[in-house]
Amino acid sequence: MSEQVFQTRYETYRTAVESYLETLFAGRPDWRDLYESMRYSLLAGGKRIRPVLTLEFARLAGLADWKTALPMACALELVHTYSLIHDDLPCMDNDDLRRGKPTNHKVYGETLAVLAGDALQPEAYRLILTAPGLDESRRAACGRILAEVSGADGMVAG
């Protein structure tokens, strides 16, 4: 694959991911501060490598329309974001900045930051389990894999 083809594909995927993430939790009147806190970190930028790779793997695996994999790809970004929010907390790394912006707990307070991270994780599973275009067994398999790689035997343990 040429560098130009790679860059074009990367930007196509990244733009699709950003658009999908933008729609999440927007305009939720209930628990507005919580959803704002979730969106603050989720939309804080980044290269979106995990979801971009997921979409490219879906294409390479022969998925007829790579957009079918968007919920799964974005679920990975939700889990990644929750882990960053928790990692930045005073009880962990106590970081003040993330991607050049004040960390979630610096803007919304520790309690809301913990809740935002906690809420992003099950939302990732909701995206997977309600994904249109995939049958139930594939959605279940995606959820199981995410649980394995993001739990105590995976990401949480380092």
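Read-outs throughout are calculated quantities, based only on the coordinates presented, and are distinct from any laboratory measurement. What you see is a predicted model; the values in this text were computed from it and never measured. Cβ coordinates were reconstructed from backbone atoms using ideal geometry, including for glycine residues, and neighbour counts include every protein chain displayed.
Observations on the model:
- From helices alone, the chain scores -21500 deg cm²/dmol at 222 nm; the rule is -39500 (n - 2.57) for each run of n ≥ 4 DSSP H residues, then divide by the residue total.
- Applying the criteria of a DSSP loop state and at most 15 other Cβ atoms within 10 Å to the trypsin sites (Lys or Arg not before Pro) of the stretch 85-158 yields Arg99.
- Distance between modelled label sites at Arg144 and Ala44, nm, 7 Å Cα→Cβ extension: 3.4
- Mean Kyte hydropathy of -0.5 or more with a Cα span along the axis of at least 20 Å, helices from DSSP in the chain: 70-88, 110-129, 136-150
- Placing unit charges on the Cβ atoms only, positive for Lys and Arg and negative for Asp and Glu, gives the chain a dipole magnitude near 420 debye about its Cα centre.
- Mean Cα-pair separation over length for the chain, i.e. relative contact order, pairs under 8 Å, 6 or more apart, %: 22
- Site pair Lys101 and Ala64 shows an inter-label distance of 3.8 nm when each label is modelled 7 Å from Cα along Cα→Cβ.
- Computed packing ranks the peptides 41-47, 151-157, 111-117 as 111-117, 41-47, 151-157, most packed first, by mean other Cβ atoms within 10 Å.
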